[in-house]
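Working notes, structure below.
The values are calculated or read from the model by the stated rules, or taken from the named source; none is laboratory data. On a predicted model such as this, the values are computed, not experimentally measured, just so you know. Backbone-built Cβ (ideal geometry, glycine too); neighbour counts: all protein chains shown. Protein only, heavy atoms only, side chains kept; ligands, DNA and RNA dropped before computing areas. Shrake-Rupley method; radii C 1.70, N 1.55, O 1.52, S 1.80 Å.
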Amino acid sequence: MLKDSFGRVHDYLRISLTDRCNYQCLYCLPEPEFKSGCHSSSHDSMSADEIESIAAVFVQQGVKKIRITGGEPLVRKDAGDIIDRLGKFDIKLAITTNGSRINAFIDAFQRSKLRSVNVSLDSLNPATFKQLTNKDDFKKVYSNIELLLSLNYHVKINMVVMNGYNDHEIGDFVAWTRNFPVHIRFIEFMSFPGNHWRPEKLFTYKEILNAIEARYPLVNKLEDHPNDTTKKYQVKGHQGTFAVISTMSEPFCSGCNRLRLTSDGKMRNCLFAKSEMDLLTPFRKGKDIVPLIQDCLAGKHFKLGGNADSNWGLAETVSDKRSMMGIGG
Ligand code: SAM
(Lines give C-alpha, C1' and ligand atoms only; values in the text may rest on other atoms or scores of the structure.)
Protein backbone atom coordinates (compact mmCIF):
# COMPACT_ATOMS: atom_id res chain seq x y z
CA MET A 1 0.00 0.00 0.00
CA LEU A 2 1.32 3.47 -0.86
CA LYS A 3 0.90 5.85 2.11
CA ASP A 4 2.39 9.30 2.51
CA SER A 5 3.73 10.74 5.77
CA PHE A 6 0.26 12.11 6.59
CA GLY A 7 -1.30 8.63 6.38
CA ARG A 8 -3.04 9.30 3.08
CA VAL A 9 -3.37 6.15 0.96
CA HIS A 10 -2.45 6.81 -2.68
CA ASP A 11 -4.29 4.51 -5.05
CA TYR A 12 -4.92 6.73 -8.07
CA LEU A 13 -2.31 7.18 -10.79
CA ARG A 14 -2.54 9.62 -13.69
CA ILE A 15 -0.33 8.64 -16.61
CA SER A 16 0.52 11.16 -19.29
CA LEU A 17 0.99 9.46 -22.69
CA THR A 18 2.57 12.49 -24.33
CA ASP A 19 3.31 16.15 -23.72
CA ARG A 20 2.19 17.00 -27.26
CA CYS A 21 -1.25 18.43 -27.97
CA ASN A 22 -3.16 19.33 -31.14
CA TYR A 23 -4.78 22.33 -29.40
CA GLN A 24 -3.23 25.50 -28.07
CA CYS A 25 -5.56 26.37 -25.22
CA LEU A 26 -5.04 29.88 -23.89
CA TYR A 27 -4.79 28.75 -20.27
CA CYS A 28 -2.56 25.76 -20.92
CA LEU A 29 -0.10 26.64 -23.67
CA PRO A 30 3.22 27.57 -22.09
CA GLU A 31 5.05 30.75 -23.01
CA PRO A 32 8.23 29.97 -25.03
CA GLU A 33 10.63 30.08 -22.07
CA PHE A 34 8.63 27.31 -20.39
CA LYS A 35 8.64 25.00 -23.42
CA SER A 36 11.63 23.25 -21.88
CA GLY A 37 9.04 21.64 -19.62
CA CYS A 38 8.04 19.60 -22.66
CA HIS A 39 10.50 16.97 -23.92
CA SER A 40 8.70 15.47 -26.93
CA SER A 41 11.42 13.21 -28.32
CA SER A 42 10.23 9.64 -28.72
CA HIS A 43 13.38 8.28 -27.03
CA ASP A 44 12.60 10.31 -23.89
CA SER A 45 9.00 9.10 -23.86
CA MET A 46 7.88 5.87 -22.31
CA SER A 47 7.09 3.19 -24.88
CA ALA A 48 3.82 1.25 -24.64
CA ASP A 49 5.79 -1.65 -23.09
CA GLU A 50 7.34 0.67 -20.51
CA ILE A 51 4.00 2.27 -19.65
CA GLU A 52 2.48 -1.17 -19.12
CA SER A 53 5.39 -2.44 -17.01
CA ILE A 54 5.73 0.68 -14.84
CA ALA A 55 1.94 0.82 -14.38
CA ALA A 56 2.07 -2.84 -13.29
CA VAL A 57 4.49 -1.89 -10.49
CA PHE A 58 2.08 0.81 -9.27
CA VAL A 59 -0.83 -1.65 -9.43
CA GLN A 60 1.17 -4.18 -7.37
CA GLN A 61 1.71 -1.37 -4.85
CA GLY A 62 -2.04 -0.81 -4.50
CA VAL A 63 -3.10 1.55 -7.29
CA LYS A 64 -6.77 0.93 -8.08
CA LYS A 65 -7.50 3.61 -10.62
CA ILE A 66 -5.51 4.85 -13.62
CA ARG A 67 -6.40 7.91 -15.66
CA ILE A 68 -4.79 8.36 -19.07
CA THR A 69 -4.00 11.97 -19.85
CA GLY A 70 -1.53 14.26 -21.62
CA GLY A 71 -0.81 16.65 -23.52
CA GLU A 72 -3.50 15.13 -25.66
CA PRO A 73 -3.34 11.37 -25.10
CA LEU A 74 -5.15 10.54 -28.34
CA VAL A 75 -2.55 12.22 -30.58
CA ARG A 76 -0.33 9.29 -29.72
CA LYS A 77 -0.75 6.70 -32.50
CA ASP A 78 -0.43 3.72 -30.15
CA ALA A 79 -2.98 5.12 -27.65
CA GLY A 80 -5.40 2.27 -28.56
CA ASP A 81 -2.73 -0.33 -27.78
CA ILE A 82 -1.95 1.39 -24.46
CA ILE A 83 -5.65 1.48 -23.56
CA ASP A 84 -5.81 -2.29 -24.30
CA ARG A 85 -2.78 -2.97 -22.13
CA LEU A 86 -3.91 -0.86 -19.14
CA GLY A 87 -7.40 -2.30 -19.48
CA LYS A 88 -6.05 -5.72 -18.51
CA PHE A 89 -5.23 -4.59 -14.96
CA ASP A 90 -7.77 -5.02 -12.19
CA ILE A 91 -8.36 -1.29 -11.88
CA LYS A 92 -10.79 1.44 -12.90
CA LEU A 93 -9.58 2.97 -16.16
CA ALA A 94 -10.46 6.53 -17.21
CA ILE A 95 -9.22 9.09 -19.71
CA THR A 96 -9.09 12.88 -20.02
CA THR A 97 -9.09 14.12 -23.61
CA ASN A 98 -9.92 17.21 -25.62
CA GLY A 99 -12.36 15.00 -27.52
CA SER A 100 -11.09 15.74 -31.01
CA ARG A 101 -9.98 12.18 -31.79
CA ILE A 102 -12.45 10.07 -29.81
CA ASN A 103 -14.11 8.77 -32.99
CA ALA A 104 -10.73 7.38 -34.17
CA PHE A 105 -10.30 5.44 -30.91
CA ILE A 106 -13.88 4.46 -30.10
CA ASP A 107 -13.20 0.79 -30.94
CA ALA A 108 -10.34 0.71 -28.42
CA PHE A 109 -12.62 2.40 -25.85
CA GLN A 110 -15.33 -0.16 -26.56
CA ARG A 111 -13.16 -3.26 -26.23
CA SER A 112 -11.49 -2.00 -23.04
CA LYS A 113 -13.01 -1.49 -19.63
CA LEU A 114 -12.79 2.27 -20.08
CA ARG A 115 -16.29 3.57 -19.29
CA SER A 116 -15.57 7.02 -17.89
CA VAL A 117 -14.39 9.80 -20.19
CA ASN A 118 -13.58 13.39 -19.27
CA VAL A 119 -13.81 15.69 -22.26
CA SER A 120 -12.48 19.23 -22.08
CA LEU A 121 -14.87 21.74 -23.58
CA ASP A 122 -14.61 25.36 -22.52
CA SER A 123 -17.35 26.87 -24.64
CA LEU A 124 -20.60 25.90 -26.33
CA ASN A 125 -20.06 28.68 -28.84
CA PRO A 126 -17.98 27.66 -31.91
CA ALA A 127 -16.30 31.09 -32.20
CA THR A 128 -15.30 31.20 -28.52
CA PHE A 129 -14.17 27.59 -28.75
CA LYS A 130 -11.83 28.61 -31.58
CA GLN A 131 -10.59 31.63 -29.67
CA LEU A 132 -9.75 29.48 -26.63
CA THR A 133 -8.20 26.46 -28.41
CA ASN A 134 -6.93 27.97 -31.67
CA LYS A 135 -8.81 25.20 -33.53
CA ASP A 136 -12.14 25.39 -35.34
CA ASP A 137 -13.19 22.03 -33.90
CA PHE A 138 -16.33 22.69 -31.87
CA LYS A 139 -18.57 20.51 -34.07
CA LYS A 140 -16.11 17.64 -34.06
CA VAL A 141 -15.76 17.64 -30.27
CA TYR A 142 -19.48 18.07 -29.68
CA SER A 143 -20.35 15.17 -32.01
CA ASN A 144 -17.79 12.98 -30.23
CA ILE A 145 -19.50 13.80 -26.94
CA GLU A 146 -22.81 12.78 -28.54
CA LEU A 147 -21.15 9.55 -29.69
CA LEU A 148 -20.04 8.78 -26.12
CA LEU A 149 -23.50 9.53 -24.74
CA SER A 150 -25.14 7.30 -27.37
CA LEU A 151 -22.88 4.47 -26.17
CA ASN A 152 -23.75 5.14 -22.50
CA TYR A 153 -20.33 6.30 -21.35
CA HIS A 154 -20.10 8.27 -18.11
CA VAL A 155 -19.20 11.65 -19.61
CA LYS A 156 -17.70 14.48 -17.60
CA ILE A 157 -17.12 17.83 -19.26
CA ASN A 158 -14.15 19.88 -18.02
CA MET A 159 -14.78 23.60 -18.46
CA VAL A 160 -12.00 25.94 -17.31
CA VAL A 161 -13.76 29.15 -16.32
CA MET A 162 -11.88 32.32 -17.20
CA ASN A 163 -13.23 35.66 -16.12
CA GLY A 164 -14.15 37.71 -19.19
CA TYR A 165 -13.71 34.82 -21.63
CA ASN A 166 -16.36 32.18 -20.96
CA ASP A 167 -17.84 32.88 -17.51
CA HIS A 168 -21.05 34.08 -19.19
CA GLU A 169 -21.61 30.52 -20.47
CA ILE A 170 -21.76 28.84 -17.05
CA GLY A 171 -25.58 28.82 -17.07
CA ASP A 172 -25.67 27.34 -20.58
CA PHE A 173 -23.49 24.43 -19.49
CA VAL A 174 -25.85 23.80 -16.56
CA ALA A 175 -28.83 23.99 -18.98
CA TRP A 176 -27.19 21.14 -20.94
CA THR A 177 -27.58 18.88 -17.86
CA ARG A 178 -31.36 19.19 -18.01
CA ASN A 179 -31.97 16.58 -20.72
CA PHE A 180 -28.60 14.88 -20.95
CA PRO A 181 -26.63 12.84 -18.39
CA VAL A 182 -23.53 15.02 -18.72
CA HIS A 183 -21.52 15.91 -15.66
CA ILE A 184 -20.05 19.38 -15.93
CA ARG A 185 -16.94 20.24 -13.94
CA PHE A 186 -16.24 23.94 -13.71
CA ILE A 187 -12.50 24.29 -13.08
CA GLU A 188 -10.99 27.42 -11.57
CA PHE A 189 -8.23 28.77 -13.79
CA MET A 190 -5.05 27.48 -12.17
CA SER A 191 -1.72 29.20 -12.06
CA PHE A 192 1.20 27.36 -13.74
CA PRO A 193 4.61 28.49 -14.85
CA GLY A 194 4.20 30.51 -18.03
CA ASN A 195 0.45 30.06 -18.54
CA HIS A 196 -0.59 33.75 -18.53
CA TRP A 197 -2.43 33.38 -15.22
CA ARG A 198 -3.51 36.65 -13.60
CA PRO A 199 -5.69 37.06 -10.50
CA GLU A 200 -8.23 39.06 -12.50
CA LYS A 201 -8.78 36.09 -14.86
CA LEU A 202 -9.85 33.88 -11.97
CA PHE A 203 -13.58 33.20 -11.63
CA THR A 204 -13.94 31.59 -8.22
CA TYR A 205 -16.05 28.74 -6.84
CA LYS A 206 -18.32 31.26 -5.08
CA GLU A 207 -18.74 33.35 -8.23
CA ILE A 208 -19.56 30.20 -10.23
CA LEU A 209 -22.23 29.16 -7.73
CA ASN A 210 -23.69 32.67 -7.62
CA ALA A 211 -23.95 32.71 -11.42
CA ILE A 212 -25.76 29.36 -11.42
CA GLU A 213 -28.11 30.19 -8.55
CA ALA A 214 -29.14 33.42 -10.27
CA ARG A 215 -30.55 31.27 -13.11
CA TYR A 216 -31.42 28.08 -11.20
CA PRO A 217 -32.69 28.72 -7.66
CA LEU A 218 -33.30 25.01 -6.99
CA VAL A 219 -29.81 23.60 -6.71
CA ASN A 220 -29.11 20.57 -4.50
CA LYS A 221 -25.74 19.85 -2.96
CA LEU A 222 -24.72 16.24 -3.64
CA GLU A 223 -22.51 14.12 -1.43
CA ASP A 224 -18.77 14.32 -2.10
CA HIS A 225 -16.38 11.40 -1.62
CA PRO A 226 -13.39 12.10 0.70
CA ASN A 227 -10.96 11.76 -2.26
CA ASP A 228 -13.01 13.97 -4.60
CA THR A 229 -11.47 17.08 -6.09
CA THR A 230 -14.96 18.32 -6.91
CA LYS A 231 -17.84 19.84 -5.00
CA LYS A 232 -20.90 18.31 -6.64
CA TYR A 233 -24.36 19.75 -7.25
CA GLN A 234 -27.49 19.08 -9.28
CA VAL A 235 -30.32 21.29 -10.39
CA LYS A 236 -33.56 19.73 -9.19
CA GLY A 237 -35.06 17.61 -11.96
CA HIS A 238 -31.97 17.64 -14.21
CA GLN A 239 -30.48 14.38 -15.52
CA GLY A 240 -26.86 15.50 -15.31
CA THR A 241 -24.91 17.18 -12.54
CA PHE A 242 -22.37 19.94 -12.16
CA ALA A 243 -19.38 20.35 -9.90
CA VAL A 244 -16.67 22.86 -9.13
CA ILE A 245 -12.94 22.21 -8.85
CA SER A 246 -11.82 25.02 -6.57
CA THR A 247 -8.04 24.53 -6.59
CA MET A 248 -7.30 28.23 -6.26
CA SER A 249 -9.95 29.58 -3.88
CA GLU A 250 -10.56 26.47 -1.72
CA PRO A 251 -7.89 23.79 -2.23
CA PHE A 252 -8.92 20.25 -1.35
CA CYS A 253 -5.62 18.55 -0.54
CA SER A 254 -6.58 16.77 2.70
CA GLY A 255 -8.06 13.73 0.91
CA CYS A 256 -5.49 13.58 -1.86
CA ASN A 257 -4.85 10.07 -3.23
CA ARG A 258 -3.19 11.08 -6.52
CA LEU A 259 0.14 10.26 -8.07
CA ARG A 260 1.36 11.32 -11.50
CA LEU A 261 3.65 9.84 -14.09
CA THR A 262 4.84 12.15 -16.86
CA SER A 263 5.26 10.84 -20.41
CA ASP A 264 9.05 10.83 -19.93
CA GLY A 265 8.68 8.58 -16.91
CA LYS A 266 9.04 11.03 -14.02
CA MET A 267 6.88 10.49 -10.97
CA ARG A 268 5.33 13.56 -9.35
CA ASN A 269 3.57 13.41 -6.01
CA CYS A 270 1.46 16.51 -6.72
CA LEU A 271 0.40 18.62 -9.70
CA PHE A 272 2.24 21.54 -8.05
CA ALA A 273 5.29 19.55 -6.87
CA LYS A 274 8.63 21.34 -7.02
CA SER A 275 10.54 18.16 -7.79
CA GLU A 276 10.03 14.80 -9.43
CA MET A 277 11.54 11.31 -9.35
CA ASP A 278 12.98 9.75 -12.47
CA LEU A 279 11.59 6.21 -12.69
CA LEU A 280 12.26 5.54 -16.37
CA THR A 281 16.09 5.71 -16.35
CA PRO A 282 16.47 3.24 -13.46
CA PHE A 283 13.70 1.09 -14.93
CA ARG A 284 15.62 0.91 -18.23
CA LYS A 285 18.70 -0.20 -16.27
CA GLY A 286 16.68 -3.04 -14.73
CA LYS A 287 16.58 -1.50 -11.24
CA ASP A 288 13.75 -1.97 -8.72
CA ILE A 289 11.67 1.22 -8.83
CA VAL A 290 9.51 0.46 -5.78
CA PRO A 291 11.90 2.20 -3.31
CA LEU A 292 11.96 5.24 -5.63
CA ILE A 293 8.15 5.37 -5.73
CA GLN A 294 8.07 5.14 -1.94
CA ASP A 295 10.73 7.86 -1.55
CA CYS A 296 8.87 10.19 -3.89
CA LEU A 297 5.64 9.68 -1.97
CA ALA A 298 7.38 10.14 1.39
CA GLY A 299 8.39 13.63 0.26
CA LYS A 300 4.83 14.70 -0.50
CA HIS A 301 3.74 17.93 1.17
CA PHE A 302 0.35 18.21 2.82
CA LYS A 303 -0.90 20.97 0.56
CA LEU A 304 -0.28 22.26 -2.98
CA GLY A 305 3.13 20.67 -3.36
CA GLY A 306 4.55 22.71 -0.48
CA ASN A 307 4.07 26.01 -2.22
CA ALA A 308 3.38 29.20 -0.33
CA ASP A 309 0.41 29.19 2.02
CA SER A 310 -1.10 31.85 -0.11
CA ASN A 311 -1.96 29.80 -3.16
CA TRP A 312 -2.53 32.82 -5.35
CA GLY A 313 1.08 33.07 -6.42
CA LEU A 314 1.84 29.54 -7.51
CA ALA A 315 3.29 30.60 -10.84
CA GLU A 316 6.01 32.47 -9.03
CA THR A 317 6.69 29.83 -6.42
CA VAL A 318 6.75 26.58 -8.37
CA SER A 319 10.44 26.03 -8.95
CA ASP A 320 10.54 23.66 -11.86
CA LYS A 321 9.53 24.73 -15.32
CA ARG A 322 7.09 22.05 -16.34
CA SER A 323 3.96 23.40 -17.89
CA MET A 324 0.57 21.71 -17.46
CA MET A 325 1.20 20.00 -20.83
CA GLY A 326 4.57 18.73 -19.64
CA ILE A 327 3.18 17.41 -16.35
CA GLY A 328 0.00 15.89 -17.69
CA GLY A 329 -3.23 17.47 -16.51
N1 SAM B 1 -5.58 17.23 -23.65
C2 SAM B 1 -6.43 16.67 -22.66
C3 SAM B 1 -7.61 17.58 -22.41
O4 SAM B 1 -7.73 18.59 -23.06
O5 SAM B 1 -8.43 17.24 -21.57
C6 SAM B 1 -5.75 16.26 -21.35
C7 SAM B 1 -4.73 17.19 -20.79
S8 SAM B 1 -5.35 18.71 -20.15
C9 SAM B 1 -3.87 19.43 -19.56
C10 SAM B 1 -6.22 18.18 -18.72
C11 SAM B 1 -7.18 19.16 -18.12
O12 SAM B 1 -6.44 20.20 -17.54
C13 SAM B 1 -8.14 19.77 -19.11
O14 SAM B 1 -9.45 19.62 -18.67
C15 SAM B 1 -7.75 21.23 -19.11
O16 SAM B 1 -8.86 22.04 -19.33
C17 SAM B 1 -7.19 21.38 -17.71
N18 SAM B 1 -6.29 22.54 -17.58
C19 SAM B 1 -5.19 22.80 -18.28
N20 SAM B 1 -4.62 23.95 -17.86
C21 SAM B 1 -5.39 24.42 -16.86
C22 SAM B 1 -5.34 25.55 -16.02
N23 SAM B 1 -4.39 26.45 -16.11
N24 SAM B 1 -6.29 25.70 -15.09
C25 SAM B 1 -7.28 24.79 -14.96
N26 SAM B 1 -7.38 23.68 -15.72
C27 SAM B 1 -6.46 23.51 -16.67
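Quick look at the values:
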quantity	calculated
Within the accessible area of the chain (1.4 Å probe), percent carbon and sulfur	51 percent
Residue-level accessible surface for THR281, protein heavy atoms, 1.4 Å, Å²	60 Å²
Mean Kyte hydropathy of -0.5 or more with a Cα span along the axis of at least 15 Å, helices from DSSP in the chain	48-60, 138-150, 205-215
Ordering of 259-271, 49-61 by packing [mean C-beta count within 10 Å, highest first]	259-271, 49-61
Accessible area of region 12-327 divided out per residue, in Å², using a probe of 1.4 angstrom	42 Å²
Dimensionless Rg/Rh of region 109-192 - Kirkwood Rh, Rg from C-alpha atoms	0.97
Values of log10 I(q)/I(0), in the order q = 0.12 Å⁻¹, for the chain under a Debye, Cα-only, solvent-free model	-0.82
